[in-house]
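The values are calculated or read from the model by the stated rules, or taken from the named source; none is laboratory data. Everything numeric in this text was worked out from a predicted model, so none of it was measured. All Cβ positions, even for glycine, are placed from backbone atoms using ideal geometry, and neighbour counts span all protein chains on display. The accessibility values were calculated without ligands, DNA or RNA, using every heavy atom of the protein model including side chains. Shrake-Rupley method; radii C 1.70, N 1.55, O 1.52, S 1.80 Å.
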Amino acid sequence: MSKNAEFEALARELRALREHAACGDAGEQPDNAMLVVRLVRGLSRQRWQDFCRAFPLSQWCALPMPDAAPEAHVADLRADIQQQPPSAMPPDALVGTLSAELFTAQLERELLRQARNGGDLSLICAALSERRRLCVALGEGTVKRLERLLAETLRDNLDVCDSLGGMASGRYAALLPGMGLLKARRLAERLQAAFAEQARPLFPTGGISAGAGAGCALGIVCAGQGAPERASDLLARAAAALNAALEQEDGYIHQETPTSLGERTTLVHSSEKRFLFFGGE
């Protein structure tokens with residue numbers, strides 16, 4: 001058997017893939033593109049760097065895999081689910097969420113950038129509301145599908161500068177650089193409406209009723225521009241805001257307000273407004 005059998009097989013598959021692409025359907029759009037991932041064994045970092053120098057415009061990219069992964073999957077690229085069987089993988093494994101560790105590192109970078117340049121930064125944490133009711137009505141399998149759908153809804157409504165992380169089972173966090181509390185609140189309301197609409201087909205239309213449709217709870221926090229914050233502290237506040245949203249009887253959106261209106265020194269009272277706008281004593 002050839003020493004380079006793995007690479008010879010890869011070359012054959014790439015030729016076949018190119019032939020399939022060349023004779024695609026007539027309705028295919030010419031600007032369609034897909035990121036194709038394949039595990040290549042026996043490829044060292046040094047050999048990869050040599051290959052990149054030889055073909056600088058090839059547009060190849062590589063993601064190193066752990067040596068202990070005998071049967072690697074695309075989902076193994078998430079550090080928090082390595083060595084888990086496919087049945088134990090979280091429902092968001094292939095949705096495009098960052099692991100908790102990578103998301104925290106991204107948040108740390110954004111907080112450093114905010115400390116240097118100023119501006120706003122918000123976090124929105126999300127989870128299914130009334131999960132127990134949904135499990136009784138629909139079953140655990142459908143609830144897992146709903147949690148995956150929630151992650152997809154979040155991802156589809158974020159901008160390219162935002163980040164989405166899977167923080168715990170069924171819990172997600174959206175990192176929103178440059179977004180203040182008011183815009184984050186409006187985004188949360190849009191996310192709720194979009195998720196409810198996307199989840200509607202998963203509910204039965206007859207027979208045993210599942211009650212109200214699926215909804216999501218959202219906790220919102222904003223990083224202050226005063227003293228620098230730690231990512232762990234901000235994530236803890238966001239988790240507390242999500243827990244508060246889950247405990248609400250309706251609405252299921254909790255927005256952290258660090259200082260109440262009555263305590264703000266910048267509050268302008270009605271008598272002061274009258275003087276500012278109309279003059280007089």
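Legend: calculated FRET efficiency, SER169 to ARG133, from the Cβ-Cβ distance at R0 = 22 Å, rounded to 0.05, equals 0.80. Among PHE195, PHE203, the order of accessible area from largest down is PHE203, PHE195, computed with a 1.4 Å probe on protein heavy atoms.
Of the residues GLU8, GLU152, the one with the largest accessible area comes first in the ranking GLU8, GLU152, computed with a 1.4 Å probe on protein heavy atoms. Of the solvent-accessible surface of the range 100-255, computed with a 1.4 Å probe over protein heavy atoms with every protein chain present, carbon and sulfur atoms account for 51 percent.
Comparing LEU134, LEU202, THR104 along the charge dipole axis of the range 100-255, the residue lying farthest to the positive side is LEU202, per the Cβ-charge model. Using a simple spin-label model with pseudo-atoms 7 Å out from Cα toward Cβ, TRP48 and VAL160 lie 2.4 nm apart. Exposure check, 1.4 Å probe, all protein chains in place: CYS125 carries approximately 10 Å² of accessible surface. Label separation (VAL40 vs GLU247): 5.4 nm, computed from points 7 Å beyond Cα along the C-beta direction. Compared with the direct C-alpha span, the chain from PHE55 to LEU102 gains 13.9 nm at full extension, assuming 0.36 nm per residue. For ARG200, the accessible surface of its heavy atoms amounts to roughly 140 Å² (probe 1.4 Å, protein chains only, rounded to the nearest 10).
Looking at the range 100-255, the accessible area is 51 square angstrom per residue; that uses a 1.4 Å probe and ignores ligands, DNA and RNA. The listed residues VAL160, VAL36 rank as VAL160, VAL36 when sorted by accessible area, largest first, using a 1.4 Å probe. If you wrap the tightest convex hull around every Cα atom of the range 100-255 and split its volume per residue, you get 99 Å³. The solvent-accessible area of SER232, taken with every protein chain present and a 1.4 Å probe, is close to 60 Å².
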